Number of protein chains: 2
Amino acid sequence: MRMSELLKRSGMPLATVKYYLREGLLAPGEKVGATMADYGEEHVRRLALIRALTEVVGLPIAGVRTIVGLIDEPEADRFSTLGRAIEVLPPAVEADPDGDYPRARAALEEIGQLYDPGYAAVAQLERGLAAAESVGLPMGRERLHGYARHIMAIAEIDLAQLPGADTPRAVEYSVLGTAVYEPILAAMRRLAHQDLASRMLGGVAADRDR
Amino acid sequence: MRMSELLKRSGMPLATVKYYLREGLLAPGEKVGATMADYGEEHVRRLALIRALTEVVGLPIAGVRTIVGLIDEPEADRFSTLGRAIEVLPPAVEADPDGDYPRARAALEEIGQLYDPGYAAVAQLERGLAAAESVGLPMGRERLHGYARHIMAIAEIDLAQLPGADTPRAVEYSVLGTAVYEPILAAMRRLAHQDLASRMLGGVAADRDR
DNA sequence: CCCGATTGGATAGCTGTACTATCCAAGGTA
DNA sequence: TACCTTGGATAGTACAGCTATCCAATCGGG
């Protein structure tokens with residue numbers, strides 16, 4: 001298809017698509033003549049991916065470039081591909097292999113989980129725990145163990161749905177799956193809070209049956 | 001304390017603190033003379049809260065203003081206070097009470113959860129589900145039920161830790177608790193993925209045999 | 001084969017956010 | 001008295017993420 005149709009399919013303005021092309025988020029179409037290029041379904045899908053990552057996951061353009069780069073050309077193994085993807089997910093914190101992450105270390109040891117200080121997620125956990133502490137809501141043992149058990153169960157669900165190993169699709173799944181289900185899980189927790197609050201405290205939905 | 005000490009305690013530059021004062025995120029100090037004001041511990045805590053919300057939760061300044069406004073002057077009941085707070089949490093989506101949220105409705109009915117279409121979190125869930133679908137990772141029944149069970153358990157942990165009802169502290173807890181534990185849960189899930197991936201696929205923390 | 005429309009490519013401009021810097025005058029301080 | 005701090009106001013900066021315009025080379029319907 002040509003540019004005009006790609007615009008119609010994606011619903012995006014020309015200037016924006018050109019911007020994504022310039023930024024290397026979208027591969028150029030196959031050139032067919034000096035002033036015309038051909039685009040395919042993969043371009044439509046890529047534009048949907050860009051929109052999902054920017055608008056829903058909240059990724060800046062540079063982060064989107066990293067993610068789509070990893071999908072197109074993964075690292076040697078899926079483990080480090082996933083690691084590099086996680087580094088750019090908000091709230092982005094650069095991991096320092098020699099860094100000290102006292103809260104994260106204590107928490108992960110407490111729940112007996114394997115970790116490497118080079119994981120970006122360790123730095124992210126440290127920041128989150130420090131932030132909770134700084135606003136007067138430090139994470140207690142009870143909450144930590146409860147969270148850990150249920151989060152591990154959720155992660156197992158995620159892994160169980162992973163498509164057949166060693167396909168390029170599996171890389172895409174593990175990278176995108178971590179990112180795109182996060183806002184869904186956040187929304188579900190917010191709804192669960194409101195559900196529980198309305199039952200406990202009385203509210204709009206409390207008069208419904210269950 | 002005076003401005004200079006507040007700056008030392010918070011580690012922020014003068015211009016930034018003045019900016020937060022202008023934007024109404026930080027209450028002015030008690031005036032003690034025409035060119036001098038007195039600040040207290042609550043100002044130090046408030047600055048820590050602002051930094052946590054902007055840097056870790058990722059809230060824009062306008063959202064921080066809403067949250068601190070709700071903590072200082074909550075709505076009539078905690079249920080609607082929490083609802084208003086959730087509206088500004090990223091990814092912010094304005095709820096339309098007459099809107100149609102087909103994916104969210106189907107999902108919530110499937111798991112038998114109470115909801116009101118006016119909840120911002122319903123719109124947020126809809127967007128998340130639509131985004132997952134648009135990148136080729138639609139949420140299946142199995143995953144939905146699994147997520148729902150464990151998310152509900154996590155929400156129950158949150159509610160169980162709620163301080164004595166009807167204290168101003170309880171409002172602060174429910175508003176901040178929803179927001180500040182979100183990045184922690186996200187980081188824990190990312191770590192759980194890496195933990196499971198390293199065991200299954202071989203990686204830094206495990207042997208490479210499979 | 002002609003002429004208006006489309007395209008790719010380049011460059012410049014715009015909008016919003018979150019600060020950051022400067023200036024000033026009043027007032028405190030040594 | 002001379003200097004420093006403070007509060008208050010205003011202007012400027014840096015960056016992200018688009019958005020708009022221009023141009024020349026086609027393309028393609030009549």
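At the interface with chain B (Cβ under 10 Å from one of its Cβ atoms) and modelled with pLDDT of 95 or more: does that describe A:Arg51? Yes. When A:Leu49, A:Leu59 are screened for being away from DNA strand C (no atom under 12 Å from the Cβ), closer than 24 Å to B:Glu94 by Cα, within 14 Å of the chain's Cα centre (by Cα) and part of a helix (DSSP H, G or I), only A:Leu49 passes.
With the condition kept exactly as written, say whether any residue in the stretch B:70-78 is within 11 Å of DNA strand C (Cβ to nearest atom), in contact with a Ser or Thr (Cβ under 9 Å, 6 or more places away or on another chain), more than 10 Å from every other protein chain (Cβ to nearest Cβ) and part of a loop (DSSP other than H, G, I, E, B). There is no residue in the stretch B:70-78 that is within 11 Å of DNA strand C (Cβ to nearest atom), in contact with a Ser or Thr (Cβ under 9 Å, 6 or more places away or on another chain), more than 10 Å from every other protein chain (Cβ to nearest Cβ) and part of a loop (DSSP other than H, G, I, E, B). Quick check on my filter: what residues within the stretch B:1-46 are more than 10 Å from DNA strand D (Cβ to nearest atom), part of a loop (DSSP other than H, G, I, E, B) and loosely packed, with under 13 Cβ neighbours inside 10 Å? Listed by number, the residues that qualify are B:Gly11, B:Pro13.
When we screen B:Arg84, B:Arg2, B:Arg46 for residues that are charged (D, E, K, R) and either under 22 Å from A:Ala130 (Cα atoms) or in contact (Cβ under 8 Å) with a residue 40 or more places away in the chain (or both), the only hit is B:Arg46.
Of the residues in the stretch B:87-95, at least one is in a loop (DSSP other than H, G, I, E, B) and more than 16 Å from DNA strand C (Cβ to nearest atom).
Within the stretch B:60-69, the set of residues being within 16 Å of DNA strand D (Cβ to nearest atom) and more than 12 Å from chain A (Cβ to nearest Cβ) comprises B:Ile61, B:Ala62.
Yes/no matrix, rows are residues, columns are (1) of a type in the set (Ser, Thr, Tyr); (2) surrounded by fewer than 22 Cβ atoms within 10 Å (Cβ to Cβ); (3) in a helix (DSSP H, G or I); (4) modelled with pLDDT under 90:
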| site | (1), (2), (3), (4) |
| --- | --- |
| B:Gly164 | no, yes, no, yes |
| B:Val175 | no, no, yes, no |
| B:Pro183 | no, no, yes, no |
| B:Leu191 | no, no, yes, no |
| B:Arg199 | no, yes, yes, yes |
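What do you reckon, is A:Arg22 in contact with a helix residue (DSSP H, G or I) (Cβ under 9 Å, 6 or more places away or on another chain), charged (D, E, K, R) and under 26 Å from A:Ala179 (Cβ atoms)? It is false that A:Arg22 is in contact with a helix residue (DSSP H, G or I) (Cβ under 9 Å, 6 or more places away or on another chain), charged (D, E, K, R) and under 26 Å from A:Ala179 (Cβ atoms). Looking across the stretch B:37-46, just one residue is within 15 Å of DNA strand C (Cβ to nearest atom) and under 25 Å from A:Gln124 (Cβ atoms), and that is B:Arg46. When we screen A:Thr54, A:Thr81 for residues that are under 12 Å from the mean Cα position of the chain (by Cα) and either surrounded by fewer than 18 Cβ atoms within 10 Å (Cβ to Cβ) or more than 12 Å from DNA strand D (Cβ to nearest atom) (or both), the only hit is A:Thr54. Going residue by residue through the stretch B:72-90, is there one that turns out to be over 21 Å from B:Ala170 (Cα atoms) and modelled with pLDDT under 95? Yes: the stretch B:72-90 contains one or more residues that are over 21 Å from B:Ala170 (Cα atoms) and modelled with pLDDT under 95. Hey, does the stretch B:161-182 have a residue that's more than 16 Å from the chain's Cα centre (by Cα) and at the interface with another protein chain (Cβ under 7 Å from one of its Cβ atoms)? Scanning the stretch B:161-182, I find at least one residue that is more than 16 Å from the chain's Cα centre (by Cα) and at the interface with another protein chain (Cβ under 7 Å from one of its Cβ atoms), so the answer is yes. Among the residues examined, B:Ala95 qualifies as over 28 Å from A:Val171 (Cβ atoms), of a type in the set (A, V, I, L, M, F, W, C), away from DNA strand D (no atom under 16 Å from the Cβ) and more than 15 Å from the chain's Cα centre (by Cα). The residue pairs whose first member lies in the stretch B:130-157 and is on the phi > 0 side of the Ramachandran plot and more than 7 Å from chain A (Cβ to nearest Cβ), whose second member is assigned to a loop (DSSP other than H, G, I, E, B) and of a type in the set (Gly, Ala, Ser), and whose beta carbons are closer than 8 Å, counting only pairs six or more residues apart or on different chains, do not exist in this structure. For the stretch B:6-27, indicate whether the set of residues that are touching a residue at least 24 places away in the same chain (Cβ under 8 Å) and in contact with a Ser or Thr (Cβ under 8 Å, 6 or more places away or on another chain) is non-empty. Yes, the stretch B:6-27 has at least one match.
The values are calculated or read from the model by the stated rules, or taken from the named source; none is laboratory data. Everything numeric in this text was worked out from a predicted model, so none of it was measured. We place every Cβ from the backbone using ideal geometry, glycine too, and count neighbours over all the protein chains shown.
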